[in-house]
Amino acid sequence: MGVAFSLAVVGVLILAITLAVEVLGLRFLVGAVLPYVAVAVFLGGMVYRLLGWGRSPVPFRIPTTGGQQRSLPWIKPSSLDNPSSTAGVIGRMALEILLFRSLFRNTKAELHGGPHLAYHWEKWLWLGALVFHWSMLLVVIRHLRFFTDPVPSFVYWVEGIDGFLRVGLRALYLTDITLLLGVTYLLLRRFFIPQVRYISLPGDYVPLFLLLGIGLSGVLMRYFVGVDVAAVKELALGVLTFRPRIPEGIGVLFYIHWGLVCALLAYFPFSKLVHMGGIFLTPTRNLPNDSRARRHVNPWNYPVKVHTYEEYEEEFREKMKLAGIPVEKE
Amino acid sequence: MASLPKPEELVKIDYNPPRRGWMDNPVEFRRGTWLYAAKPRHLEALGLPNPREWSPEEEDWKLPPEWREIVLEGFKERLERFRSLKLFMDICSRCGACADKCHFFIGTGDPRNMPVLRAELLRSIYRRYFTLSGRMTGKLVGARDLTEEVIKEWFYYFYQCTECRRCSLFCPFGIDTAEITMMGRELLGLLGIYPDWIIAPVANCYRVGNHVGIEPHAFRDMVDFCVDEIENVTGIRVEPTFNRKGAEILFIAPSGDVFADPGIYTFMGYLMLFHEIGLDYTLSTYASEGGNFGLFTSHEVMKRLNAKMYDEARRLGVKWILGGECGHMWRVIHQYMDTMNGPADSLEEPVSPLTGTKFENARSTKMVHICEFTADLIRHGKIQLDPSRNDVFKVTFHDSCNPARAMGFFEEPRYILRKVCNRFYEMPENTIREQTFCCGSGGGLNADENMEMRMRGGFPRANAVGYVREKYGVNLLACICAIDRAVLPALMDYWVPGVGVAGLHELVGNALVMKGEAERTTTLRGEPLKGSGDDENT
Ligand code: HEM
Ligand code: SF4
Ligand code: SF4
């Protein structure tokens, strides 16, 4: 159900954009109004989310420790998997965000006869996720050439490295392929791994179909159908500089690409994609494991009812005296 | 009580999820897989809401009339108080990496025991009542109404999680399902829904000082029993003191070590060690519990029980606190105590009186783990050890969840273990250290009526022990946790018969060469020292 529904959502989006552009002639709406709405929703939504998380305090220091603690001087601490300093935490977070450290631990449990439990090598999810995310990042960086004039040099570097493969005269970007492969892999594992299928919601398929739609329309434009790149840049720069204009000669395929990106942006803050912001705040990773060395303060720590020693002695005084246990009041 | 299926039966586990979605599958309370309801008098003793007689098996759970408002109000409050909860509700990508990391999923195949679905039990309610999309589109975004069925499902599955945090280690976003379980249990608590196995110890601990409700004189008797036993084995009479003002150190152990086999042997080990090094310490009958079942109840109850440690240390005027071997106890001390009940102004930065070592890592809480303390003693050559006295054992070591994943406590116990015994074999690497598997009975689930679920949850741990038993003939499972010592014997008997369970300081006690001791012929358990471990149990 989730799959069909999500596919339908993306299908309807594509149809709607096509209809708007081709039949109704609403190029300005799709090309120049939609992006503002989408970016506003994206930024507003993300700020709302981050403020929402930020408003709730972190009452306790609860890192999940993935290695040896710092204790006695002659025991070597695991400073990245169990950091006790801020530098260590930065290192741990960098590993998580840039290399998906925790996902790298993944294994697959299997029950064999005997009974014998085995934990098999399973780094595919890690690899797939890493390939997808890094490709995504590089594709986004490459797209900056549409939004900048002059184009900053790092964009050219990325293009140069990414496009070292050539098909005829044109560069074949590696990240175009890996992005699509990555998304496809993530989608297929949702279809075929029974547990993952069981937990999947429409909200898990929608982003993948959107990304697939964006990727495929982009690849079609670049390698198969062709698009007037100068005109696209004119549109993009116009939108960016708040002087939106709709140049002639941009095909519907581009509007589909552009419209789906807008949809993804607007959807972002209200979906699981907010993990992009959330991962930075996660209290099991971004705190040092030093709660015995430095007191962590809970802003809402409130007094509680306790059973005092006096109350205790009051109840047990005679028994304590008989047992030779010292008491406060004879 | 339900009869326990045979291991051959239990191990027929189907990992394929059912056709029907989990939201459409109501919970079935099958005997052997859940905990009895809390007796009203315990709730009354603690001033907790809605005390009444009830049972999970019955249709009517006798919830207060405005139960839904109570839960939603409580949920809102916790979202505002805990960034962890709020964030974990929002950012799960349902990648499924955590699914087969949970021992309860491995042992049951029940999809709702995948940590991600355990979290969805709460998340679905969060979506429905606290997000715009959930309010508008409901089931489409995985939201659902809060019904009594949901409350029952929460009770079943939040008490089928031992709060071991193994899932959180593997989650790319660090989502800690233990944290979610803790919140779920707090919400249930607002309706007076607790298991008796947890709330009875809490009530005892609150009033009498320890989970089993040992009154001060009886506590002293039990310690004296250990003292006699030590004398039988070593010829030396150790002299622990109780509630003694002016002692340098307050020693707090989990009470399980004082009254239950095999914990008492660990306790004997502590007493022998302290005697041998001439430590100026005292025990307390008021703070006679290191463990804290409040951790399994709510943050507030955790704080109420934990407060005793600092209060008693202040009253007795000790310099610092030394803590015994216990898992969840150390989660509370390491990650909560100072924040909840600190700062520990009356105490001083802990320094070992024997070696002069400053325990820098405990300079704020002022509480040191016995293994840190002992490892430091051994390192400085302050005690003499004869590891051959443990030659009857082939030992493997179980990392308890809390010291492992909430402290990173790996090398200290291993260092000691290597010094006190000659034959130590590690279990496979996916099952130890930070990846350790729970005993299956932590988190307050160690009641007899829950035996089938405990055996299921403990299956991955037991299976790894079985591996080293087959490969090296291991016959002893060492650990540094009182719950482990209480529950692993049953788990071993069920899955890997022939493997005993011991605390680390029991082995220290065996190996410790004491000044003026009689020649040792037996272990602390009274079993002959000579006698060959190799052909034993085969
Ligand atoms: C700081 C930036 C980001 C980090 C560290 C990050 C990290 C991760 C990780 C660790 C996962 C789990 C593995 C997986 O399910 O594949 C994941 C999933 C995912 N991420 Fe990101 N991400 C980031 C930004 C983004 C962005 C900008 C998008 C874009 C649209 C995105 C889209 C996705 C999607 C669709 C999934 C789910 C894949 C699935 O359904 O299995 N992420 N992310
Ligand atoms: S590993 Fe983390 S993100 Fe993935 S499904 Fe489990 S809780 Fe969600
Ligand atoms: S904390 Fe442990 S028991 Fe609970 S869901 Fe995670 S792995 Fe399972």
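The values are calculated or read from the model by the stated rules, or taken from the named source; none is laboratory data. Predicted model, so just to flag it, every value in this text is computed and none were measured. Neighbour counts are summed over all protein chains in view; Cβ atoms, including those assigned to glycine, are modelled from backbone coordinates with ideal geometry. Areas reflect the complete protein model, heavy atoms only, side chains present, ligands, DNA and RNA absent. Shrake-Rupley method; radii C 1.70, N 1.55, O 1.52, S 1.80 Å.
General remarks:
- For the condition in contact (Cβ under 8 Å) with a residue 40 or more places away in the chain, away from chain A (no Cβ under 14 Å) and over 17 Å from the mean Cα position of the chain (by Cα), B:Glu527 qualifies.
- One residue from A:Leu287, A:Leu281, A:Leu322 being touching a helix residue (DSSP H, G or I) at 6+ places or on another chain (Cβ under 8 Å), surrounded by fewer than 16 Cβ atoms within 10 Å (Cβ to Cβ) and either within 7 Å of another protein chain (Cβ to nearest Cβ) or within 22 Å of B:Ile333 (Cα to Cα) (or both): A:Leu322
- Filtering the range B:400-415 to residues that are more than 7 Å from every other protein chain (Cβ to nearest Cβ) and in a helix (DSSP H, G or I) leaves B:Cys401, B:Asn402, B:Pro403, B:Ala404, B:Pro413, B:Arg414, B:Tyr415.
- The residues of the range A:290-307 that are facing another protein chain (nearest Cβ under 7 Å), closer than 30 Å to B:Ala203 by Cα and of a type outside the set (A, V, I, L, M, F, W, C), listed by number, are A:Ser291, A:Arg292, A:Arg295, A:His296, A:Asn298, A:Asn301, A:Lys305, A:His307.
- Enumeration of residues in the range B:1-22 that are surrounded by fewer than 17 Cβ atoms within 10 Å (Cβ to Cβ) and within 11 Å of another protein chain (Cβ to nearest Cβ): B:Pro7, B:Glu8, B:Lys12, B:Ile13, B:Asp14, B:Asn16, B:Pro18, B:Arg19, B:Arg20, B:Gly21
- Among the residues of the range B:188-228, just one is within 16 Å of ligand 3 (Cβ to nearest atom) and either surrounded by fewer than 24 Cβ atoms within 10 Å (Cβ to Cβ) or free of Cβ contacts under 8 Å to residues at least 40 places away in the same chain (or both), namely B:Leu188.
- Candidate set from the range B:428-468 (those that are acidic (Asp, Glu) and either within 18 Å of the chain's Cα centre (by Cα) or more than 13 Å from chain A (Cβ to nearest Cβ) (or both)); member that is nearest to B:Arg331 (Cα to Cα): B:Glu434
- Scanning the range B:109-136 for residues that are open to solvent by less than 10 Å² (accessible area, probe 1.4 Å) and on the phi < 0 side of the Ramachandran plot yields a total of 14.
- Test for B:Asp484: is it open to solvent by less than 20 Å² (accessible area, probe 1.4 Å) and either part of a strand (DSSP E or B) or acidic (Asp, Glu) (or both): yes
- Filtering the range B:171-185 to residues that are within 14 Å of chain A (Cβ to nearest Cβ) and more than 15 Å from ligand 2 (Cβ to nearest atom) leaves only B:Met182.
- Residue within the range B:69-90 that is hydrophobic (A, V, I, L, M, F, W, C) and either within 16 Å of ligand 1 (Cβ to nearest atom) or not assigned by TED's automatic domain parsing to the domain that holds B:Lys12 (or both) present: yes
- Residue count, the range A:109-125 (criterion: at the interface with another protein chain (Cβ under 7 Å from one of its Cβ atoms) and within 23 Å of the chain's Cα centre (by Cα)): 1
- Selection of the range B:90-106 for residues being in a helix (DSSP H, G or I) and either facing another protein chain (nearest Cβ under 10 Å) or basic (Lys, Arg) (or both) yields B:Asp90, B:Ile91, B:Ala99, B:Asp100, B:Lys101, B:His103, B:Phe105, B:Ile106.
- A search for C-beta distances below 8 Å between a residue of the range B:146-170 that is within 15 Å of B:Lys62 (Cα to Cα) and more than 15 Å from ligand 2 (Cβ to nearest atom) and any residue that is among the aliphatic types (A, V, I, L, M) and at pLDDT below 95, counting only pairs 6+ apart in sequence or on different chains, returns B:Glu149/B:Val27; B:Lys152/B:Val27.
- Among the residues of the range A:52-75, the one identified as farther than 16 Å from B:Phe173 by Cβ, part of a loop (DSSP other than H, G, I, E, B) and more than 7 Å from chain B (Cβ to nearest Cβ) is A:Pro73.
- Matching entry among A:Leu174, A:Leu169 (being farther than 30 Å from B:Ser133 by Cβ, more than 10 Å from ligand 1 (Cβ to nearest atom) and more than 23 Å from the chain's Cα centre (by Cα)): A:Leu169
- Among the residues making up the range A:128-172, those that are part of a helix (DSSP H, G or I), of a type in the set (Gly, Ala, Ser) and open to solvent by less than 40 Å² (accessible area, probe 1.4 Å) are A:Gly128, A:Ala129, A:Ser135.
- Test: residue in the range B:155-170 that is at pLDDT 95 or above and either more than 16 Å from ligand 3 (Cβ to nearest atom) or touching a strand residue (DSSP E or B) at 6+ places or on another chain (Cβ under 8 Å) (or both): yes
- Filter result for the condition that a residue is within 14 Å of chain A (Cβ to nearest Cβ) and either touching a Pro at 6+ places or on another chain (Cβ under 8 Å) or not in a strand (DSSP E or B) (or both), over B:Ile214, B:Ile236: B:Ile214
- A single member of A:Ile75, A:Ile90 is among the β-branched types (Val, Ile, Thr), open to solvent by 60 Å² or more (accessible area, probe 1.4 Å) and free of Cβ contacts under 8 Å to residues at least 60 places away in the same chain, and it is A:Ile90.
- The range B:428-464, residues that are surrounded by fewer than 24 Cβ atoms within 10 Å (Cβ to Cβ) and in contact with a strand residue (DSSP E or B) (Cβ under 6 Å, 6 or more places away or on another chain): B:Asn430
- Residue within the range B:346-369 that is under 27 Å from B:Met427 (Cα atoms) and in contact (Cβ under 8 Å) with a residue 12 or more places away in the chain present: yes
- Any hit, the range A:86-98, residues being of a type in the set (S, T, N, Q) and under 30 Å from A:Trp134 (Cβ atoms): yes
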